[in-house]
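Encoded as structure tokens, the structure appears first; notes follow it.
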Amino acid sequence: MPLILTEEQTMLKAAADGFLNEHAPIAHLRKLRDSQDADGVSRDLWRAFGEMGFAGVIIPEEHGGSGLGAVEAGVMAEALGRTLTPSPFLGTGVLSAKLLVEGGSNAQQAAWLPRIAAGEAIVSLAVDEGPKHAPSRIATTAERSGNGFRLNGAKGFVLDGHVADALIVAARTESGLTLFLVDPGTAGVEVERTVMVDAHNAARVTLTDVEVDADAVIGAVDGGEALLEGALNLGRACAAASLNGAGDQAFQTTMAYLRTRKQFGKLIGEFQALQHRSAHLFSEIEIARAAVMGALTALDTGRENAGLVVSVAKAKAGRVAELAVQEAVQMHGGVGMTDEFDVGLFMKRVRVLNELLGDAGFHQERMARSQGF
């Protein structure tokens, strides 16, 4: 299995990098943050994603998307990691789109997939409820009520939930897990924006006696666990790709600094100790990149153990990106801790991405349990 991009995937990477560097560089994040933008995300940029074919990268062509796969979604996620761009891509274009593609009814797909592909709609997945990612511990309930269900519970870390046009809520039903498409304007739904440490966006969602019809179910009643796991695995692999992008860009920024900063009359990049640390970090980044590419490819080819391959990639990418931003701050010296330099922003983003959809500890435990430990 070659762990390299095809010619078409390389072209997509070049297009994504070029678009984001021009229209959403790190200055875009700073502008949204410093202006205390009410949304914290640009709807115009999301529509531009749609025009470029980026928003619907995994959505079938019959619904207005590009009809591509996990590797292409990872290419987009890595590009977003490099520029730290606040975007609904992961929450909407990956997680929610995957659920609608795999389990949505004809009506749900017709209503939402073309709008997502065009960058006209934001759909957020509401799964986690505690301080850590734990989809097996969902406590939100959905009880039968008339011809539908009544939802009660609370969700946290809902990506871009404060600007979502629809929510996909995971809840416990009588014999399993069920996914519901919920209008955030429904009575009993409360959404509170939470600005994260990296200036990206999430929300807390509280559901109090929220009534939904039976046609709000995505997939089958009590059959949402496998559907959700498939979407989460794709999201985890894309989060790992974003970690690669952020870690590698922090590394490249640091290398440029080492080639220009002088101390004791010499470029600091000439000091052997820093060269050794840089070489070690370079090799770790390449290993993490291979792990993520392997995970994305495993998802595309339908490997039976794809979920575990994804866990390896997310854990490795998280550890390496953490090392990359720590080395970046240290090699920049005191200025690395100031807001004037970008490396501190990469550190914050990596911290959030590490927690998103399971940190290294979560995925290491997942792998251990699969081996019977």
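Data table
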{"quantity": "Sequence-distant aspartates and glutamates (8 or more away, or on other chains) whose Cα lies within less than 12 Å of Lys262", "calculated": "Glu270"}
{"quantity": "Restricting region 251-312 to GluC sites (Glu not before Pro) in coil, as DSSP defines it, with at most 16 other Cβ within 10 Å", "calculated": "Glu304"}
{"quantity": "Extreme residue, positive dipole direction of the chain, given options Ser278, Ala77, Ser66 (C-beta unit charges)", "calculated": "Ser278"}
{"quantity": "Charge dipole (debye, nearest 20) of region 75-201; +1 at Cβ of Lys and Arg, -1 at Cβ of Asp and Glu", "calculated": "200"}
{"quantity": "Solvent-accessible ranking of Thr6, Thr194, largest area first, probe 1.4 Å", "calculated": "Thr6, Thr194"}
{"quantity": "Principal-axis tilt of helix 272-301 within the chain, Cα atoms, nearest 10 degrees", "calculated": "30"}
{"quantity": "Cβ-placed point charges (K, R +1; D, E -1), dipole of region 1-43 about Cα centre in debye, nearest 20", "calculated": "180"}
{"quantity": "Candidates Gly318, Gly176, Gly230: whichever shows maximal mean-square fluctuation once the chain is modelled as a Gaussian network with Cα springs under 10 Å", "calculated": "Gly176"}
{"quantity": "Dipole-positive endmost among Pro135, Leu151, His332 within the chain (Cβ charges, Cα centre)", "calculated": "His332"}
{"quantity": "14 Å beta-carbon shell around Gly334, net charge (K/R +1, D/E -1)", "calculated": "-1"}
{"quantity": "Extended-chain gain in nm, criterion 0.36 nm per residue less alpha-carbon gap, Ser283 and Glu192", "calculated": "28.6 nm"}
{"quantity": "Of all accessible heavy-atom area on region 199-348, the percent that carbon and sulfur account for (1.4 Å)", "calculated": "55"}
{"quantity": "Sites Glu61 and Asp17, calculated FRET efficiency, Cβ-Cβ separation with R0 22 Å, nearest 0.05", "calculated": "0.35"}
{"quantity": "The chain - share of DSSP beta bridges that are antiparallel (%, nearest 5)", "calculated": "85"}
{"quantity": "Full-extension gain in nm, Gln272 to Thr301, via 0.36 nm per residue minus C-alpha separation", "calculated": "6.1 nm"}
{"quantity": "Total charge dipole magnitude, the chain, about the Cα centre, Cβ charges on Lys, Arg, Asp, Glu only, Debye to nearest 20", "calculated": "1340"}
{"quantity": "Candidate lysines - alpha carbon under 28 Å from Lys98, same-chain residues fewer than 8 apart omitted", "calculated": "Lys13, Lys132, Lys155, Lys314, Lys316, Lys348"}
{"quantity": "Region 313-373 - Kirkwood radius from inverse mean 1/r over Cα pairs (Å)", "calculated": "12.6"}
{"quantity": "Local electrostatic count at Asp359 - Lys and Arg +1, Asp and Glu -1, tallied over other residues with Cβ under 14 Å", "calculated": "+3"}
{"quantity": "Rg/Rh for region 96-205, where both radii come from Cα atoms and Rh is the Kirkwood radius", "calculated": "0.95"}
{"quantity": "Surface share of carbon and sulfur [accessible, 1.4 angstrom probe, percent] for region 29-84", "calculated": "45"}
{"quantity": "Solution diffusion estimate, µm²/s, Stokes-Einstein, region 1-57, Kirkwood Rh from C-alpha pairs, 37 °C, viscosity 0.692 mPa s", "calculated": "253"}
{"quantity": "Local electrostatic count at Arg150 - Lys and Arg +1, Asp and Glu -1, tallied over other residues with Cβ under 14 Å", "calculated": "-3"}
{"quantity": "Debye intensity ratio I(q)/I(0), log10, region 240-350, q values 0.13, 0.24 Å⁻¹ (C-alpha model)", "calculated": "-0.51, -1.21"}
{"quantity": "Positive-end extreme of charge dipole, the chain - chosen from Gly372, Val163, Gln36 (charges on Cβ)", "calculated": "Gly372"}
{"quantity": "Calculated P(r) tail over 18 Å for region 206-253, as whole % of Cα pairs", "calculated": "59"}
{"quantity": "Residue-normalised accessible area of the chain, given per residue in Å² at a 1.4 Å probe", "calculated": "43"}
{"quantity": "Modelled FRET efficiency - R0 30 Å, Arg261 with Ala360, Cβ distances, 0.05 increments", "calculated": "0.45"}
{"quantity": "Shape call, region 1-139: gyration tensor on alpha carbons, a/c limit 1.5", "calculated": "rounded"}
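The values are calculated or read from the model by the stated rules, or taken from the named source; none is laboratory data. None of the values given here were measured: they were computed from a predicted structure. Cβ sites come from the backbone with ideal geometry, for glycine too, and all protein chains shown count toward neighbours. Ligands, DNA and RNA are stripped out before the accessible areas are found, and what is left, the full protein with its side chains, is counted by its heavy atoms. Shrake-Rupley method; radii C 1.70, N 1.55, O 1.52, S 1.80 Å.
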